[in-house]
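The structure under discussion appears below in the form of structure tokens.
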Amino acid sequence: MARACYSLAHGKERPCFSEKGGPVQTDYLIVGAGASGLAFADALTAGTDVDVTLVDRRPAVGGHWRDAYSFVRLHTPSAFYGVSSMPLGEDRLDEEGFYERASGPELHRYFDAVAGRLVASGRTRILTGHEHLGAEAGAELIRDGRGGQRRITVRRKVVDARYLEASVPATHAPPFDVAPGATVTGIHQLPESVRTGARYTVIGAGKTAVDACTWLLSENVGPDRIRWIRPRDAWFHDRRDFQPLDQVGATMAGIALDAEAAAQATDLQEMLERLESGGRLLRIDPSAPADMYRAAMLSSGELEALREIDDVVRLGHVRRIEADRIRLERGEIPTDASVIHVDCTARGLNDAPARPVFQPGRIVLQQVRHNSPSFNAALIGHVESRGGEDTDNNRLCTSNPYPRSIRDWPRMCAATWRVEHRWASDRELATWVAGTRLNLLAALPKHAHTPVVRDAVQRYVTNVGAAIGRLDAMPHPPSERQ
């Protein structure tokens with residue numbers, strides 16, 4: 001059977017099936033060849049001699065990055081994103097002194113190279129342009145772009161790498177009505193929509209809206225020409241607290257502050273006040289109540305620039321955009337034909353409910369350590385490569401859903417700290433965690449002698465036990481899911 005199914009040189013699939021109509025057999029069928037599917041496959045095949053097939057409906061690997069807007073960058077440093085076996089970027093520092101974050105085209109090239117290496121191993125086939133249709137009569141059914149169908153017999157497990165698939169602007173439908181005569185564009189169309197003298201209304205409160213505003217400001221659009229509709233205000237992290245390698249001390253100090261605030265606060269409000277006063281959490285407008293939390297990050301430069309936008313509308317979600325007005329949940333505001341309305345309301349992170357990661361004949365890729373998607377997929381792949389019972393593996397890979405509201409913060413952090421303690425009790429897994437490049441804290445031992453790291457580790461160890469207990473007891477009102 002031919003296994004070279006992905007052409008790195010041309011970005012096109014090559015013939016993958018040598019049997020005429022016969023079934024294909026594989027040990028693992030991974031549905032979704034985005035960052036998580038590739039990271040899982042990379043870790044699984046590094047530890048086992050298995051046959052793996054990845055299928056993805058897109059024409060190339062990389063998942064939602066293939067649909068991303070042109071000026072997007074990684075949210076986190078390249079140093080701990082991608083797959084474990086292959087570095088991304090050169091660990092350069094940007095103009096603000098932080099580790100580089102790959103652009104969309106850089107990620108496309110990286111994922112193509114990862115796919116090429118996996119296929120070259122002789123144990124992996126990648127079927128892009130194929131839709132997984134589900135199980136039928138003991139086999140998995142897939143359909144290619146021409147409508148042809150094939151059956152794949154899976155000897156071990158089907159891996160769902162699409163359960164947490166992100167909603168991105170290019171494939172997202174606005175959740176509001178648009179009347180004739182109104183100009184509405186997605187952020188992915190923004191560079192082509194810019195007009196001299198135009199004014200802009202950015203709709204949304206999360207990272208995508210932040211990206212739209214910062215891009216417009218960087219293109220010399222004055223803040224007085226930007227109106228920002230924010231249905232809710234959001235909490236953000238300082239980018240300095242999520243840096244790897246030689247800046248890992250600041251990262252560990254931030255984690256120590258999390259544990260310290262959680263251990264000492266009597267309720268969520270006091271904990272937020274402690275985290276904000278320590279610089280761990282940020283609000284664009286400190287005077288506005290904030291509830292939304294999607295673990296997004298801002299640098300101090302970005303925060304300063306965004307605070308220059310004074311025209312902020314807080315009248316709830318947009319219901320309808322007309323030629324001369326915008327109707328919102330709690331009122332309306334004027335607009336006109338000179339205004340370009342930028343839709344930034346795509347959901348982004350998928351806040352799907354928790355499911356067991358390991359199930360009979362099935363693995364559902366999800367978050368385990370919060371805010372670490374590549375690491376989590378590789379972790380699950382590595383744990384699967386060791387074998388073991390589903391019950392035991394689920395204790396090491398407990399689902400930890402993405403946060404939507406700041407009220408999810410206690411549950412999210414407590415889940416991470418618990419599972420990290422379990423990793424530390426498993427010598428082989430602890431060694432893998434310490435050694436993978438996808439671990440944000442991988443450089444911690446190298447800097448353990450520095451005062452900053454010594455102090456941060458001590459503070460964390462002192463407080464984390466009490467923090468978990470306090471977070472478990474803290475009242476958790478239902479999260480607002482909008």
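The values are calculated or read from the model by the stated rules, or taken from the named source; none is laboratory data. Since the model is a prediction, treat every value here as computed from it, not as a measurement. Glycine also receives a Cβ, built like all others from the backbone with ideal geometry; neighbour counts cover every protein chain displayed.
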Checklist entry - Among the residues of the stretch 187-227, which ones are under 18 Å from VAL72 (Cα atoms), surrounded by 19 or more Cβ atoms within 10 Å (Cβ to Cβ) and either in contact with a Cys (Cβ under 8 Å, 6 or more places away or on another chain) or of a type in the set (Asp, Glu) (or both)? => result ILE187, VAL202, ILE203, GLY204, GLY206, THR208, ALA209, ASP211, ALA212
Checklist entry - Under 7 Å by Cβ, and 6 or more places apart or on different chains, what pairs join a residue from the stretch 56-85 that is under 29 Å from LEU29 (Cα atoms) with one that is surrounded by fewer than 23 Cβ atoms within 10 Å (Cβ to Cβ) and polar (S, T, N, Q)? => result ASP67/THR171; PHE80/ASN439; SER84/THR436
Checklist outcome for this item: Picking from ALA414, ALA473, ALA434, ALA442, the residue that is of a type in the set (A, V, I, L, M), more than 30 Å from GLY348 (Cβ to Cβ) and under 22 Å from the mean Cα position of the chain (by Cα) would be ALA434
Checklist entry - Among the residues of the stretch 206-230, how many are in contact with a Ser or Thr (Cβ under 9 Å, 6 or more places away or on another chain), more than 10 Å from ASP343 (Cβ to Cβ) and at pLDDT below 95? => result 1
Next on the checklist: List the strands (runs of 3 or more DSSP E) inside the stretch 272-330, counting only whole elements, that have at least 1 residues being in contact (Cβ under 8 Å) with a residue 24 or more places away in the chain, of a type outside the set (A, V, I, L, M, F, W, C) and crowded, with 16+ Cβ neighbours inside 10 Å.
Outcome noted: 281-283, 290-298
Checklist entry - Which residues, counting only those in the stretch 113-123, are farther than 18 Å from GLN25 by Cα and buried (at least 19 other Cβ atoms within 10 Å of the Cβ)? => result VAL114, ALA115
Checklist entry - Would a scan of the stretch 10-22 turn up a residue that is farther than 24 Å from PHE242 by Cα, at pLDDT 95 or above and either surrounded by fewer than 24 Cβ atoms within 10 Å (Cβ to Cβ) or out of contact with any Gly (no Cβ under 8 Å at 6 or more places or on another chain) (or both)? => result no
Checklist entry - Given the conditions (1) at pLDDT 95 or above; (2) closer than 30 Å to THR171 by Cβ, and given that SER277 satisfies all but one, which numbered condition is not satisfied? => result (2)
Next on the checklist: Being surrounded by 20 or more Cβ atoms within 10 Å (Cβ to Cβ) and of a type in the set (S, T, N, Q) is the requirement here; does THR251 meet it?
Outcome noted: yes
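Listed here are the residues, each with its yes/no results for (1) in contact with a Lys or Arg (Cβ under 8 Å, 6 or more places away or on another chain); (2) modelled with pLDDT of 95 or more; (3) closer than 30 Å to TYR28 by Cβ.
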{"site": "GLU308", "(1), (2), (3)": "no, yes, no"}
{"site": "ARG325", "(1), (2), (3)": "no, yes, no"}
{"site": "LEU349", "(1), (2), (3)": "yes, no, yes"}
{"site": "GLN359", "(1), (2), (3)": "no, yes, yes"}
{"site": "VAL364", "(1), (2), (3)": "yes, yes, yes"}
{"site": "SER374", "(1), (2), (3)": "no, yes, yes"}
Checklist outcome for this item: Reported set for the stretch 350-392 where residues are farther than 18 Å from ALA414 by Cα, surrounded by fewer than 22 Cβ atoms within 10 Å (Cβ to Cβ) and aliphatic (A, V, I, L, M) is ALA352, VAL364
Checklist outcome for this item: Note on the stretch 124-178: residues over 30 Å from PRO231 (Cα atoms), buried (at least 16 other Cβ atoms within 10 Å of the Cβ) and hydroxyl-bearing (Ser, Thr, Tyr) are THR124, THR128
Item to check | Residue that is under 15 Å from HIS382 (Cα atoms) and crowded, with 24+ Cβ neighbours inside 10 Å, where the choices are GLY63, GLY37, GLY47 | outcome: GLY37
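Output the residues belonging to the stretch 242-287 that are charged (D, E, K, R) and in contact with an Asp or Glu (Cβ under 7 Å, 6 or more places away or on another chain).
ARG280, ARG283, ASP285
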Item to check | Selected residue (criterion: modelled with the highest pLDDT) from residues of the stretch 38-84 that are farther than 14 Å from ARG123 by Cβ and among the acidic types (Asp, Glu) | outcome: ASP56
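With ALA205, ALA182, ALA209, ALA173 as the choices, which residue is under 18 Å from VAL312 (Cα atoms), assigned by TED's automatic domain parsing to the domain that holds MET292 and in a loop (DSSP other than H, G, I, E, B)? Before the answer, list the steps.
Numbers: ALA182 fails: under 18 Å from VAL312 (Cα atoms); ALA209 fails: in a loop (DSSP other than H, G, I, E, B); ALA173 fails: under 18 Å from VAL312 (Cα atoms).
That would be ALA205, the only listed residue that is under 18 Å from VAL312 (Cα atoms), assigned by TED's automatic domain parsing to the domain that holds MET292 and in a loop (DSSP other than H, G, I, E, B).
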Next on the checklist: Can you tell me which residue is nearest to LEU29 (Cα to Cα) among those in the stretch 94-108 that are of a type outside the set (Asp, Glu) and exposed (fewer than 14 other Cβ atoms within 10 Å of the Cβ)?
Outcome noted: PRO105
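Give, as residue ranges, the helices (runs of 4 or more DSSP H) completely inside the stretch 395-482 that count at least 3 residues that are buried (at least 20 other Cβ atoms within 10 Å of the Cβ).
Values: elements: 409-424, 427-435, 451-473.
Fully inside the stretch 395-482 and qualifying: 409-424, 451-473.
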Next on the checklist: On the basis of being over 26 Å from the mean Cα position of the chain (by Cα) and closer than 27 Å to ASN220 by Cβ, does ILE309 make the cut?
Outcome noted: yes
Checklist entry - Given the structure, is ARG274 farther than 27 Å from GLY469 by Cβ and among the basic types (Lys, Arg)? => result no
